[in-house]
Amino acid sequence: MSVDTATVAKIASLARIKVSEAEIEAMVPELNGILAWVEQLGEVDTSQVEPMTAVIPNTLRLRDDVIDADPLTGGDKRDAVLANAPAAQHGFFGVPKVIE
Amino acid sequence: MSTYRIQGATGDWEVVIGLEVHAQVTSNSKLFSSSATAFGAEPNSQVSLIDAAMPGMLPVPNRECIRQAVRTGMAIEAQINKWSRFDRKNYFYADLPQGYQISQLYHPLVGEGSLTIEADEKAGIPADKVIGIERIHVEQDAGKLMHDQHPTMSYVDLNRSGVALMEIVSRPDMTSPAEAGAYVAKLRQILRYVGSCDGNMDQGSMRCDVNVSVRKPGEPFGTRTETKNVNSVRFVMQTIEHEASRQVDVLESGGKIVQETRLFDPTTGSTRSMRSKEDAHDYRYFPDPDLLPLELDDAFLEACRASLPELPDAKRARYEGELGLSAYNAAVLTADVDTFAWFEALLAETASAQGKQPAEVAKQAANWLISEFFGALNKLGKSLEDSPISHEQAAELLALVGKGTISGSIAKQVLETMFETGDNAGVIVEREGLKQESDTGAIEAKVDEILAANADKVAQYREGKVALFGFFVGQTMKAMAGKGNPQVVNEILKAKLG
Amino acid sequence: MTELTELGVAQIRDGVAGGDFTAVEVAEAFNANVAAAQEALNAFIIATPEKAIEAAQATDAKRAKGEALGKMGGVPIGMKDLFATFDVQTTAASHMLEGFKPQYESTVSQKLWDAGAGMLGKLNLDQFAMGSSNETSYFGNVISPWKRNDGGNAALAPGGSSGGSSAALAARLCPAATGTDTGGSIRQPAAFTGTTGIKPTYGRCSRWGVVAFASSLDQAGPMARSVQDCAIMLEAMAGFDAKDSTSLDLPVPNWEAALSGDMKGKKVGIPKEYRVDGLDDDVAKSWDDGIAWLKDAGAEIVEISLPHTKYALPTYYIIAPAEASSNLARYDGVRYGLRDLPDGANLQDMYAATRAAGFGPEVKRRILIGTYVLSAGFYDAYYTQAQKVRALIAQDFAKAFEQCDVILAPTAPSAAFGLGENVDDPLKMYLNDVFAVPASLAGLPAMSVPAGLNREGLPLGLQVIGKAFDEQGVLNAGLALEQRAQFAAKPEKWW
C-alpha cells in the first residue's frame, strides 16, 4: 500500500496538522519509504497468533470508588488545572466559538 | 407487529428505529480518576489532572463503575464478558481533552441481552414485544461547551469529562415512536431498580442517540440518520416522528438520505444537521495501551448477581400473583423505585399494625395509596419523595380504617389534617372526636328520630320505593356527623324498616 | 582529593554520609560544570542550580541532626525533560510545551527527591523522545563531548532520545541522570557516550507524570557511570504506583546489595540473528570481547536463536507511531502549551495551526504514520499484524530464556555518528535501534555498559538483556563486563 498526495492530505487533516502543498509533496516519498519497509511484516505467518495484549503478564487493577482519594488523581483543584491554559476565563477554558 | 406507518404520496413507509442510550453510571468518582461526579458543581471544580489530560496522566478504572455495568447487564439477562478491554476512539473536539475517548469497541463488557416492552393498545403496541440489546459498554463522558457567555469564544467546562457512562445499544427492533418511548421508559425503570443510573434525563444522566431510517414494507433497511443527545422520552418520540416524515419527504421528492449526525431542537420539535460533526468519521479505534485487559473473576460476578434486586417484571408478577393486586395497580406500583419502595414499606407497616399477613392487607394498601394518597399528594403538588407524612404514619391511618375505628370517608379528612399538621392519625381522631360510633343503642336512637321525622318517606319505602334506603342512611350518618359505623347503621335501618 | 565531579552516585552518597564533603559542595561543583558546558554541549534545556542547592542543604541539615540520609542523599542529578516537575518548565523538548509548568510532580522524580537527590536541571532530549541522535529537539542539538581521534572537529551525536542525559554524564555535568527508553533511548545514548544505563522490566518504574510517547513501550530508567550507581538509582526510581495501571505490584529488590560479578553457573545466550551482515568490525570485536569476559567470569556461553529479530524494527515503527499519534492528540492548544490561533480561525483550524507550529518534523512524521496505520481499512493489516509479530518476538525471548539466563549483544550497530549524517534519511536513523528495540517490544530489562573504544576512539556499548523481573541478573552480568572492560576513557575537555 502506498500513499499519494491526497492520502497524505487526508491523514494530516485527521491528525489535525496543517501542512502546505510543498510539505505534502516532500512527505509522500518519505512515508512511502517507511510504509514499504514496515510492510515486510506481511511475510510473517501469524494465522495462529493472538495479538499481544499485555507486554508483561499483569492484571488490570480496579480502584475503590472514593472521591479525591489522592490529591494527584482527584478534583477540586481548578487553579492547578487552569494554570497553564492559553485562554482561561471565569474558570473556563476559552476556545474559538464553536457552532454545533 | 406495530402498524405505525408514514403515509407518503407514494404509499406507506415503515420506520426502523435503533437507540443508543448513554446512561451515567451512579458512582461517587469518575471512571478513571477520583474526582467527584456530582451534578451542578462550579465549572472545572471537579476536574483532576487526569480529566484535563495533562501530559503524563494515566487512567485507573473505578471498580464501582464496572460493577454497576455488570449488574445492569445481568438485569437485561445479557452475556457478561469476563474478558473485555478498553479502546481509544480518536477524534478532536474541545470537550474531549485527551483527543480520544476511552470506550470499548472490540470487546465490550456486556454482550447480547434484551428487554420486554408491555402491550399498550392505546399507544399502538398491540402485544408485549422483546427488544434486543446488542451490547453495553463502559466509556468516558465528554466535557461541556458553553456558547452564550462570550461573543467570539466558547467556554469549556470539564466537570463531566471522564464521568462513567454505559452505552446501551439496542437492535433496530423498534418500528414506532411509541415502541421507542416504551423502550426508553422500560430501560430507565430497570436502571433505577438496579441502581446503576439515576435516570435523571433532565440532568443529562440518560441521553439517547436516535437512529432512524424508513423503508417501504418488505424492502431492505434505508440509510439512517443519528440524532444525538435527545434527553426525554417525549423528545425521543418527537425526534422519530419528525425524522421519519422528513426522510419520507426527501425520498419522495427524489432525494437521498445522507448518513449524518443530527440535532434535535426541542423548541421546534424538529431535527437539523449538526455542522460541527460533519467531518469524515475515522475514529482509529485501537486498544488503550495505558490499560490492561479487564478480567473479571467468578467471585466478582457472583457478588454482582447476588446484589441484584427484584426486577420490574418479576415484581409486577408477584404483586398480581402473591398479593392479588389488579394488573393496573401492580403496574402503577412497580413503575418506579420510589413508588414500590413506599408501597412495600407501607404494606409491611400496615400488616404489622393490623396483625395480618401482607397479602391480606395488600389490596387495601394499594387501593388507598393509588386512589387516595397519590391524589392528595397531587393536590399539594408533591411527590412521594417529599411526602409530608411517612409510611409509618400512613400505616397507622390504614390500621384505624382496617379495625373499624374510623370510616373510609373520615380517613380522607384525617389524611388532610395529617398533611396540614403532621400529627399522627390516632392523635387527630382522638382530638377531633372522629371515632366511629358502633354502639347499637345510640344508633337506634338516632334512627328512630330520623324515621319519625320522615314518616312519609318511610311509607313510600314500605310501598316499594326501596331506593329511598340510601336516603335514610345518609340522614342517619349526617345526624351522627359521619361517625356512625356504616355497617351497623345499615343493619339497624334494615331491621326497623322491615 | 579527586574532583567532586568525577565521583559517582555511591561515592557521593558515602562521602556525604561520612562527612568527607558536604552535599552543598557537591551541588556547587556540578552546578558550575553545568553552567560552563551549557553553550558548547546544550545538554540542558534549563538549569535549576537553586533546586540542587536546596536539596543539598536539606541533606546536610539532616546529617547535622544525625538523621538517616536517603538512598540518593546528597546526589545531584539531571532530570530528562520528559518528567513533569512541579512548577518547573517541562517541555519534552518541544515548542508545543515551551513554558509549560506542571502543577504536579512525576512519580519517578518525586521518588528521587524523596530519596535525597537534587535537581541540576532539565535535560535536553529528542522531541517527545522521538529520535536516536538528539537532533529533533526544538531547543537545539545536544553535542556529544566525545570527538573522533582523527584530529577533525566533527560534532558527534550523543545518541537519543536521552542525549542530554548521556552527554551530561560523559562530560561530568552530573553523576547520574534519568532516562526513558521506548526503543533504545537509554541504552543507545549510553553506548554512544561510554556511560551506563538500564531499562528495567516494563512496569517497574511508574509512567505517571512522564510525557507519553508510546505507552506500551515507555519505561524510565537510570543512567550513570557505573553499574552500581545504576543499581542504587533504580532502587530509588522503581516501585509500585497505584496511579499507573501497568505498574508492577512487586517489592523493589535491594539490587545494590546483591550485586555480584561472579557468573559461575550462569548461561549467557548469544543470539545468532544479531550477527547481521556487514556488522561493524569494531562492534563485532567488542561483542567477542564481551563473550570472553563473561566466560572469564564463570559463565557458560550458549548460542540462541531469536528468529523474528529482523521484524522487530518494522513492528516497532508501527506500534510506537500508532500509540504516539493518539498520545499526542492532547496537545491541542486548549488547556496548556502552545496555541496558534490565526485570524478568523475556528476550533479545528486552531488545532491544525497549533499542531503544525508546535511539533517538529520527526514528531509530525510519526504522528502521520501512526494515524495512517490506524485508519479505517488499514488497522488489521498494520496494527493487528504488528501486535501479533510482537507476540512472536516475545515468544522468541521466552524460548531463548529456557536455555540461558541473560543475553549478550551489542547495544548499537555502530559508534556515535556525526550530527547531520542521518537526518535526511529517517530509515537509516531508525536502523540505529536494531539491537535495542527487540527487548523493548518484549518489555524485558536490558542495560548497556561501556566495552571499550573503537578505532576512532569512540565508545562502544555492550547490551545485556534479561528475563522479565530479573534486573539483578542483568546488573550482575553488567558488573562482570564492567569489571573486565576496565573502561576508564573519558572525553577530553574541549568545551
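The values are calculated or read from the model by the stated rules, or taken from the named source; none is laboratory data. No experiment lies behind these values; they were computed from the predicted model shown. Every residue, glycine as well, gets a Cβ built from its backbone with ideal geometry; the counts of neighbours run over all protein chains shown. Accessible surface areas use protein heavy atoms only, side chains included; no ligands, DNA or RNA. Shrake-Rupley method; radii C 1.70, N 1.55, O 1.52, S 1.80 Å.
Can you tell me which residue within segment B:137-164, out of those that are part of a strand (DSSP E or B) and under 27 Å from the mean Cα position of the chain (by Cα), is surrounded by the fewest Cβ atoms within 10 Å (Cβ to Cβ)? Result: B:Lys144. Within the option set C:Ala352, C:Ala357, C:Ala376, C:Ala400, being touching a strand residue (DSSP E or B) at 6+ places or on another chain (Cβ under 9 Å) and either open to solvent by less than 20 Å² (accessible area, probe 1.4 Å) or not basic (Lys, Arg) (or both) holds for one residue only, C:Ala400. Of the residues B:Thr227, B:Thr223, B:Thr239, which single one is open to solvent by 20 Å² or more (accessible area, probe 1.4 Å) and without any contact (Cβ under 8 Å) to a residue 60 or more places away in the chain? Sole residue among the options that is open to solvent by 20 Å² or more (accessible area, probe 1.4 Å) and without any contact (Cβ under 8 Å) to a residue 60 or more places away in the chain: B:Thr223. One residue alone among B:Val401, B:Val427, B:Val466, B:Val447 is under 30 Å from B:Ala495 (Cβ atoms) and assigned by TED's automatic domain parsing to the domain that holds B:Thr334, and that residue is B:Val401. One residue stands out among those in segment C:268-313 that are open to solvent by 20 Å² or more (accessible area, probe 1.4 Å) and of a type in the set (Phe, Trp, Tyr): the one that is farthest from C:Arg484 (Cα to Cα), which is C:Tyr311.
Outside any loop (DSSP other than H, G, I, E, B) and open to solvent by 10 Å² or more (accessible area, probe 1.4 Å), is that true of B:Thr72?
no
The single condition among (1) more than 7 Å from chain A (Cβ to nearest Cβ); (2) closer than 30 Å to C:Val464 by Cα that C:Gln385 does not meet is (1). Apart from one condition, C:Gly473 fits all of (1) in contact with a Pro (Cβ under 9 Å, 6 or more places away or on another chain); (2) assigned to a helix (DSSP H, G or I); (3) buried (at least 21 other Cβ atoms within 10 Å of the Cβ); the exception is (3).
Regarding segment B:125-134, can at least one residue be identified that is part of a loop (DSSP other than H, G, I, E, B) and touching a strand residue (DSSP E or B) at 6+ places or on another chain (Cβ under 9 Å)? Looking for residues that are part of a loop (DSSP other than H, G, I, E, B) and touching a strand residue (DSSP E or B) at 6+ places or on another chain (Cβ under 9 Å), one finds at least one in segment B:125-134, hence yes. In segment C:231-266, which residues are open to solvent by less than 30 Å² (accessible area, probe 1.4 Å), in a loop (DSSP other than H, G, I, E, B) and either farther than 22 Å from C:Lys71 by Cα or not polar (S, T, N, Q) (or both)? C:Ala238, C:Gly239, C:Asp241, C:Lys243, C:Asp244, C:Ser245, C:Thr246, C:Leu248, C:Trp255, C:Gly261, C:Met263 - these are the residues of segment C:231-266 that are open to solvent by less than 30 Å² (accessible area, probe 1.4 Å), in a loop (DSSP other than H, G, I, E, B) and either farther than 22 Å from C:Lys71 by Cα or not polar (S, T, N, Q) (or both). If you go through segment B:17-28 one residue at a time, do you hit one that is among the small types (Gly, Ala, Ser) and either at the interface with chain A (Cβ under 10 Å from one of its Cβ atoms) or in contact with a helix residue (DSSP H, G or I) (Cβ under 8 Å, 6 or more places away or on another chain) (or both)? Yes; the residues of segment B:17-28 include at least one that is among the small types (Gly, Ala, Ser) and either at the interface with chain A (Cβ under 10 Å from one of its Cβ atoms) or in contact with a helix residue (DSSP H, G or I) (Cβ under 8 Å, 6 or more places away or on another chain) (or both). When C:Ala488 is tested against the conditions (1) surrounded by fewer than 24 Cβ atoms within 10 Å (Cβ to Cβ); (2) touching a residue at least 12 places away in the same chain (Cβ under 8 Å), the lone failure is (2). One residue stands out in segment C:349-364 among those that are facing chain A (nearest Cβ under 7 Å) and of a type outside the set (Phe, Trp, Tyr): the one that is farthest from the chain's Cα centre (by Cα), namely C:Met350.
For the structure I just gave you, tell me whether B:Val233 is surrounded by fewer than 21 Cβ atoms within 10 Å (Cβ to Cβ), aliphatic (A, V, I, L, M) and either closer than 18 Å to B:Glu260 by Cβ or in contact with a helix residue (DSSP H, G or I) (Cβ under 9 Å, 6 or more places away or on another chain) (or both). Yes. Can B:Asp290 be described as charged (D, E, K, R) and open to solvent by 20 Å² or more (accessible area, probe 1.4 Å)? Answer is no for this residue.
Only one of the listed residues (A:Ile11, A:Ile99, A:Ile34, A:Ile24) is at the interface with chain B (Cβ under 10 Å from one of its Cβ atoms), in a helix (DSSP H, G or I) and closer than 29 Å to C:Ser375 by Cβ. That residue is A:Ile11.
Only one entry of A:Val3, A:Val19 meets the criterion of being at the interface with another protein chain (Cβ under 10 Å from one of its Cβ atoms) and within 17 Å of C:Phe378 (Cα to Cα), and that entry is A:Val3.
Taking the stated definitions as given, is C:Thr5 over 26 Å from C:Ala129 (Cα atoms) and open to solvent by 50 Å² or more (accessible area, probe 1.4 Å)?
For C:Thr5, the condition - over 26 Å from C:Ala129 (Cα atoms) and open to solvent by 50 Å² or more (accessible area, probe 1.4 Å) - is not met.
From the list A:Val55, A:Val49, which residue is in contact with a Phe, Trp or Tyr (Cβ under 6 Å, 6 or more places away or on another chain), facing chain C (nearest Cβ under 7 Å) and either acidic (Asp, Glu) or buried (at least 16 other Cβ atoms within 10 Å of the Cβ) (or both)? From the options A:Val55, A:Val49, the qualifying one is A:Val55. Is it the case that some residue within segment B:477-494 is outside the structural domain of B:Ile410 (by TED's automatic domain parsing), farther than 21 Å from B:Gly408 by Cβ, open to solvent by less than 70 Å² (accessible area, probe 1.4 Å) and assigned to a helix (DSSP H, G or I)? No, that holds for no residue. Can you spot a residue in segment B:258-274 that is among the charged types (D, E, K, R), open to solvent by 70 Å² or more (accessible area, probe 1.4 Å), assigned to a loop (DSSP other than H, G, I, E, B) and modelled with pLDDT of 90 or more? Within segment B:258-274, not a single residue is among the charged types (D, E, K, R), open to solvent by 70 Å² or more (accessible area, probe 1.4 Å), assigned to a loop (DSSP other than H, G, I, E, B) and modelled with pLDDT of 90 or more. With respect to the conditions (1) touching a residue at least 60 places away in the same chain (Cβ under 8 Å); (2) touching a strand residue (DSSP E or B) at 6+ places or on another chain (Cβ under 8 Å); (3) more than 9 Å from every other protein chain (Cβ to nearest Cβ); (4) open to solvent by 10 Å² or more (accessible area, probe 1.4 Å), B:Gln46 lacks only one, and its number is (3). For A:Arg61, are the conditions met, namely being among the basic types (Lys, Arg), surrounded by fewer than 17 Cβ atoms within 10 Å (Cβ to Cβ) and part of a loop (DSSP other than H, G, I, E, B)? Yes: the conditions hold for A:Arg61.
In segment B:283-296, the residues that are at positive phi reach residues that are part of a strand (DSSP E or B) and not basic (Lys, Arg) with C-beta atoms within less than 8 angstrom, at least six apart or across chains, in these pairs: B:Arg284/B:Asn90. Within segment B:60-69, restricting attention to residues that are open to solvent by 10 Å² or more (accessible area, probe 1.4 Å) and within 7 Å of another protein chain (Cβ to nearest Cβ), the residue that is nearest to C:Pro102 (Cα to Cα) is B:Val60. Given B:Tyr193, B:Tyr183, which one is open to solvent by 10 Å² or more (accessible area, probe 1.4 Å) and modelled with pLDDT of 95 or more? After ruling out the rest, the residue left standing is B:Tyr193.
If the requirement is being of a type in the set (Asp, Glu), out of contact with any helix residue (DSSP H, G or I) (no Cβ under 8 Å at 6 or more places or on another chain) and part of a helix (DSSP H, G or I), which of these qualifies: B:Glu449, B:Glu420, B:Glu385, B:Glu416?
B:Glu420
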